[in-house]
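Colleague: Below you'll find the structure I mean.
Bear in mind that the values in this text are calculations on the coordinates, not laboratory data. No experiment lies behind these values; they were computed from the predicted model shown. Positions of Cβ are backbone-derived with ideal geometry, glycine not excepted, and every protein chain shown enters the neighbour counts.
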Amino acid sequence: MAYRNLNGVGRVATKDLRNYRDDMQAWSIINHAKIVHTKLLVKNQILRLDFTYYLNERKLFCKDKSPKRFDVSNRIKLIEDSLCHHLGTDDKFVWEITAIKEAINNKDTERVSATVFSQDFSSS
């Protein structure tokens with residue numbers, strides 16, 4: 001959950017969202033050169049985004065190995081908006097998104113992998 005409502009205050013960002021924003025800011029600093037290059041490639045292009053969520057097994061499965069509720073669709077918009085912001089494009093150019101959950105060892109670091117594909121707008 002990215003936001004919650006507080007009585008008398010209204011809608012506020014959750015701790016998870018604030019942490020995510022900090023992580024994205026650090027990522028953008030580390031990957032500045034890649035971002036600048038990618039910005040040039042995606043400007044005014046139709047985009048497809050492929051996300052893979054690498055999540056600890058304990059988040060995805062109960063002890064009896066039945067799936068836990070982990071709604072990946074609620075997390076798509078957050079990453080879509082962050083990517084578009086850092087790439088200097090509008091999410092109106094995103095025409096397709098895929099999202100996959102991948103179980104990893106509980107000792108590994110959870111992460112999201114994002115791949116951006118572009119197509120010239122004039123050829124669609």
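Colleague: Just to be sure before I move on: is F51 touching a residue at least 12 places away in the same chain (Cβ under 8 Å), part of a loop (DSSP other than H, G, I, E, B) and within 19 Å of I97 (Cβ to Cβ) in the structure I sent?
Modeller: Spelling it out, it is not the case that F51 is touching a residue at least 12 places away in the same chain (Cβ under 8 Å), part of a loop (DSSP other than H, G, I, E, B) and within 19 Å of I97 (Cβ to Cβ).
Colleague: Would you pick out the residues in region 37-71 that are out of contact with any helix residue (DSSP H, G or I) (no Cβ under 8 Å at 6 or more places or on another chain) and surrounded by 13 or more Cβ atoms within 10 Å (Cβ to Cβ)?
Modeller: Listed by number, the residues that qualify are K43, R48, D50, T52, Y54, L55, N56, E57, K59, L60, F61.
Colleague: So I35 ticks every box in (1) closer than 25 Å to E96 by Cβ; (2) among the aliphatic types (A, V, I, L, M); (3) touching a strand residue (DSSP E or B) at 6+ places or on another chain (Cβ under 9 Å) but one. Which box is left unticked?
Modeller: Answer for I35: the failing condition is (3).
Colleague: Look at region 60-100 and say how many of its residues are under 12 Å from the mean Cα position of the chain (by Cα) and either over 19 Å from Y20 (Cα atoms) or assigned to a strand (DSSP E or B) (or both).
Modeller: Residues in region 60-100 being under 12 Å from the mean Cα position of the chain (by Cα) and either over 19 Å from Y20 (Cα atoms) or assigned to a strand (DSSP E or B) (or both): 4 in total.
Colleague: Can T109 be described as part of a loop (DSSP other than H, G, I, E, B), over 22 Å from K15 (Cβ atoms) and not charged (D, E, K, R)? Can you show your working first?
Modeller: Working: part of a loop (DSSP other than H, G, I, E, B): yes; over 22 Å from K15 (Cβ atoms): no; not charged (D, E, K, R): yes.
Judged against the criteria, T109 is not a match.
Colleague: Shifting gears a bit: Between A33, A26, A13, which is more than 23 Å from K92 (Cβ to Cβ), surrounded by 13 or more Cβ atoms within 10 Å (Cβ to Cβ) and without any contact (Cβ under 8 Å) to a residue 24 or more places away in the chain?
Modeller: Going through A33, A26, A13 in turn, just one is more than 23 Å from K92 (Cβ to Cβ), surrounded by 13 or more Cβ atoms within 10 Å (Cβ to Cβ) and without any contact (Cβ under 8 Å) to a residue 24 or more places away in the chain: A13.
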